[in-house]
Amino acid sequence: MKCPICGSETEKGKLVGDRYALKWMNEKKKLFLGLWAVGGQVIDSRKTNLTLSRPFVNGYKCLNCKKIILAIE
């Protein structure tokens, strides 16, 4: 895939979470007590809700401009 920002080649991969769901928080939303993303939009491509599986989102990383393009749906 070509980067939509600079037109260079991208590398296919995924953004992997650790323990909790990945969430999108707009810039106006603040973390609750500076720690928790309460009310954020869950961004997670797992097909299962098993506790032992890790949250992830498929996407591409531009090797030139260092941007990450995520496929959230």
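The values are calculated or read from the model by the stated rules, or taken from the named source; none is laboratory data. What you see is a predicted model; the values in this text were computed from it and never measured. Here the Cβ positions follow ideal geometry from the backbone for every residue, glycine too, while neighbour counts run over all protein chains shown.
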| task | Note down all Cβ pairs under 6 Å where the first residue falls in segment 10-32 and is over 15 Å from Val42 (Cα atoms), the second is part of a loop (DSSP other than H, G, I, E, B) and among the β-branched types (Val, Ile, Thr), and they're at least six residues apart or on different chains. | result | Phe32/Val38
| request: Scan segment 56-72 for residues that are over 14 Å from Trp24 (Cβ atoms) and free of Cβ contacts under 8 Å to residues at least 40 places away in the same chain and jot them down. | output: Lys66
| Scanning for something surrounded by fewer than 12 Cβ atoms within 10 Å (Cβ to Cβ), at negative phi, modelled with pLDDT of 80 or more and of a type in the set (A, V, I, L, M), does segment 6-22 turn up at least one residue? | yes
| said: Given (1) surrounded by fewer than 10 Cβ atoms within 10 Å (Cβ to Cβ); (2) under 16 Å from the mean Cα position of the chain (by Cα); (3) at pLDDT 80 or above, identify the lone condition not met by Gly59. | reply: (1)
